[in-house]
Each structure stands twice: as C-alpha cells, then as structure tokens.
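K.L.:
Dropping the structure in here first, questions after.
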Amino acid sequence: MPITLDHLRRYAVARTLFKPTTLMRAINKLGFVQADPIRAPARAQDLTLRHRVIGYRAGELERRYPRLALEEDFFVNYGFLPRAHHALMHPRSAQQAWTEARWKQAQAVCEFVAERGVVHPREVDAHFAHGKTTNWFGGSSNASTQLLDGMHYRGLLRVAGRASGTRTYALPEDAVREDAAPVDKAGIDARLDALIDVIVHKYAPLPDASLGQLVAHLGRGVPQWNAARKPALLRARQRLQRSRVDGVEWLWPANERTQSRRWKPDEQVRLLTPFDPVVWDRRRFELLWGWAYRFEAYTPAPKRKLGYYALPLLWRDRVIGWGNLSVVEGVLHSQLHYVDGRPPRDARFDEALDAELLRMRVFLGLETK
C-alpha cells in the first residue's frame, strides 16, 4: 500500500503526542525541548510539556530544573536537553577565538564560582567590574554577562537555575576547555550521527529539505565540527527510511512504519505552541495541512495576519485554525480563528474545545469555575 499524506499526518501527530508521562521521561522521549522567553499565555517550553507530562503546570520545568539531569544549552535551537545528549556536543569551541587575556578573565570567574557554588551575573559584575560592552544587536550590555554567556557556551559553566528569569551559573562536574584533547574522526562521526538521530526522532517525518535545514542549525551546537556535518547528513539519508509522496522526499527513523495502525491520533483538541514539534517545521506544516502558519511575534502589528502569538489549533490529526490567548485580571480570554472560516459542526469538537480551555486554565493556575 503506497504511503500517503494521510499516513504522514497521523504518524506526525500520534508519535509526538504520546501518552503523558513524568517530566524527565517526556523530555527524554522528545530528546530536546526548545525554550523561548515570550509568555503568551505561557513560555514555549511549558506549552510544549503540558501536553506530554501528567499534571504539568506553567513554570514547573524552571522550578524543578536544578534537581533534574538536564542542561540548558544550544542544540539546533536554545533549550533543554538530557545530559547524555548535551555531552555529545562538548568540548565545544566557539567560532570566535578568545585572547589570552579573555581566558585569564574566564579562569578568574571560574575560581570565583568555585568558591560560591552558584552565582548570579550581578555578583560577578559587582566583584570584577568588567564594565560595559556592545552586544550583538548594537546596544550596551554588562561585559560580565557577555563573558558568562561565552563561558557557558564553551562548557566552562553550566546553567544552575534561574532567579526571576535570569540564569544563574555553577561549574560543571567535568569542566572542559577549548584546548582539551580533540575528539578523533570516528568519535566525531559517531557523535554527529547520534545528534542527527535526536533531530529525526523529534521532528519525523521530515521533508528531506527540512532535515538539511536542521542539520545546518546543528552548527550552533557543534561549530567545531562544521566540516563533518555534510558527510553526516549524507549518512543519515542513507540509513533512514524514505518515501516520495506527492513529489516530496520524506524521511523518518528506520525502525518505524508510517502506515502502522498504532499511529492513531486521539479526539482531543490541543492549542500548541509555535515551537511544538508538531508545527515547528513550517515547510512540513504547509505540506501536511495545506495552509501557511507564521510566527508573528516579531512582525510589526499592522502586518500581522494571525496575531502576536497565534497557537495552532489541532483536532485529531488536523490543524484547523489558531487561537490567541491572554490572561486579564486572572481570567483567560481566547480568540479562536478557523481556516475554513468557522469551527467544525460537530458536538464532539465543541466538547473537546471546552475541555482544552479548561486544561489551559488549570495549567495556568487560574480559577476554573
């Protein structure tokens, strides 16, 4: 039986919206959870996890992070990874080399952190008075903040937690340096293969072009191995299952069958974050659901078509519209829009939508009466 877009839709939805489980198990199943600071009505990482973790509440990942085997870091985007996946990317060398003077500053900060255990950027700035510097978008930032960012990126520090949203830092258990012994070619290939498998496992089924895009994004996580990424992509294309559907090459893990009856989406309505793996790939989104979804938070208001933070609206295996949600004086307000201009004429949809809005209120800690 030939593979169709219907098979791919059901597979895409059912495999990632797995039965809710514990927080750590859900993150291990996802492999990576993208983070974003916008809260509308909650942060992306929380909106992703609420569908996949039993009884999840907004802010729970941040509260529990210090006690979990997780790391905040760059992967294909910035977010949260199990430590086993994080370790595959280090020792990491940044594209911009540090001067000897910069390394001396970093070493002094490491000694300062070792004395205190966990530090806030304000403590580092107050102690060292590094001054100001120009940030990447042309503004002024504390030089200490920029140094801490660079140390974290290189693996000299880890994010220990957050204080009112600001990252706090500690020394990693196994500190690394740019001048550490390099990983040999076989090791690099094995690590890149494993990292690409994390990507595929999270975002499958993928159009071939989307896999190439994500492997390019992997350059943020392993810039030291840029030359090895193209051969790794070629190896992935050889080992993954693939099929041409309506003129597009699709890829997915070799041990999964897109036509299996196990891929059966449930009857729930779900409001998804723009960064949810179901909808993250805009190319795949348009192929599977036939309309263009755009994230417009950074689009000037007069040019927005969907809204500041439009949440794709999924029912069964179809994304049928989007919602803009806000909380005003403790009350959840929702504005829902539909691709067909109106909601489905089905009482089961109405019941499922009411249940989803109730779940959203509980998740946000709002009054449910």
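The values are calculated or read from the model by the stated rules, or taken from the named source; none is laboratory data. In this text, all values refer to a predicted model and were calculated from it rather than measured experimentally. A quick note on method: Cβ atoms are made from the backbone with ideal geometry, for glycine too, and the neighbour counts reach across all protein chains shown. Note: accessible area is taken over every heavy atom of the protein model, side chains too, but ligands, DNA and RNA are not part of it. Shrake-Rupley method; radii C 1.70, N 1.55, O 1.52, S 1.80 Å.
K.L.:
Can you give the angle from 0 to 90° between the axis of helix 208-217 and the longest principal axis of the chain, with both taken from C-alpha atoms, to the nearest 10?
P.N.:
30 degrees
K.L.:
Right, here's the next one. Might you tell me the accessible area per residue for the chain, computed with a 1.4 Å probe and given in Å²?
P.N.:
Dividing the accessible area of the chain by its residue count gives 49 Å².
K.L.:
Subtract the Cα-Cα distance of Arg283 and Arg239 from 0.36 nm times their separation in residues, and report this length gain in nm to one decimal.
P.N.:
Once the chain is fully extended between Arg283 and Arg239, it gains 13.6 nm.
K.L.:
Given Cα positions, please report Rg to Rh for segment 77-129, the hydrodynamic radius being the Kirkwood one.
P.N.:
When Rh is taken as the Kirkwood radius, the ratio is 1.04.
K.L.:
Going by Cα centres, segment 17-96 and segment 285-359 are how many Å apart?
P.N.:
Going from one Cα centre to the other spans 24 Å.
K.L.:
With Cβ to Cβ distances under 11 Å as the rule, what net charge do the other residues near Gly321 carry (K, R +1; D, E -1)? If you can, show how the numbers build up before the last one.
P.N.:
On the way: positive: Arg318, Arg342; negative: Asp340.
With Lys, Arg at +1 and Asp, Glu at -1, the neighbours total +1.
K.L.:
Another question, then. Ignoring everything except DSSP H segments at least 4 long, calculate the 222 nm mean residue ellipticity for the chain; use -39,500 (n - 2.57) per segment, divide by total residues, nearest 500.
P.N.:
Mean residue ellipticity at 222 nm (helix-derived): -11500 deg cm²/dmol.
K.L.:
Here's another thing I want to ask about it. Let me confirm the definition first: pairs of Lys residues in the chain, 8 or more apart or on different chains, C-alpha distance under 19 Å. How many are there?
P.N.:
The number of close lysine pairs in the chain is 8.
K.L.:
Got a sec? What order do Met1, Met89, Met24 fall in by accessible area at 1.4 Å, biggest, i.e. largest, first? Write down the numbers at each step before the final one.
P.N.:
Details: Met1 170, Met89 0, Met24 45 Å².
Result, largest first: Met1, Met24, Met89.
K.L.:
Further question: Taking all pairs of different Cα atoms in segment 1-129, averaging 1/r and flipping that mean, what Kirkwood radius in angstroms comes out? Spell out each step's value before the answer.
P.N.:
On the way: mean 1/r = 0.0560 Å⁻¹.
Kirkwood radius, segment 1-129: 17.8 Å.
K.L.:
If you don't mind, another one. Specify the angular offset, from 0 to 90 degrees and rounded to the nearest 10, of the alpha carbon long axis of helix 143-154 from the longest principal axis of the alpha carbons in the chain.
P.N.:
70 degrees
K.L.:
Moving on. Under a plain spin-label model, where a point goes 7 Å from the Cα along Cα-to-Cβ, how far apart in nm are Lys104 and Ala129?
P.N.:
For Lys104 paired with Ala129, the spin-label model returns 1.8 nm.
K.L.:
Moving on to the next point. Quick one: helix 5-16 against the long Cα principal axis of the chain, what's the angle to the nearest 10°, folded into 0 to 90?
P.N.:
Orientation of helix 5-16: about 50 degrees from the principal axis.
K.L.:
For segment 170-275, what log10 I(q)/I(0) values come out of the Debye formula at q = 0.16, 0.17 1/Å, with one point per alpha carbon and no solvent?
P.N.:
With no solvent term, the Cα-only Debye profile gives -0.85, -0.91.
K.L.:
Moving on. Anyone know which of Ala254, Ala94, Ala170 comes out most mobile in the 10 Å Cα GNM of the chain?
P.N.:
Looking only at Ala254, Ala94, Ala170, the largest GNM fluctuation is found for Ala254.
K.L.:
R0 = 25 Å: FRET efficiency of Asp346 with Asp266, Cβ-based, nearest 0.05? Working shown, then result.
P.N.:
Numbers: r = 15 Å, r/R0 = 0.60.
After rounding, the FRET efficiency stands at 0.95.
K.L.:
OK, next. Which value, in Å² rounded to 10, gives the accessible area of Phe80 with a 1.4 Å probe and all protein chains present?
P.N.:
Answer for Phe80: close to 10 Å² accessible.
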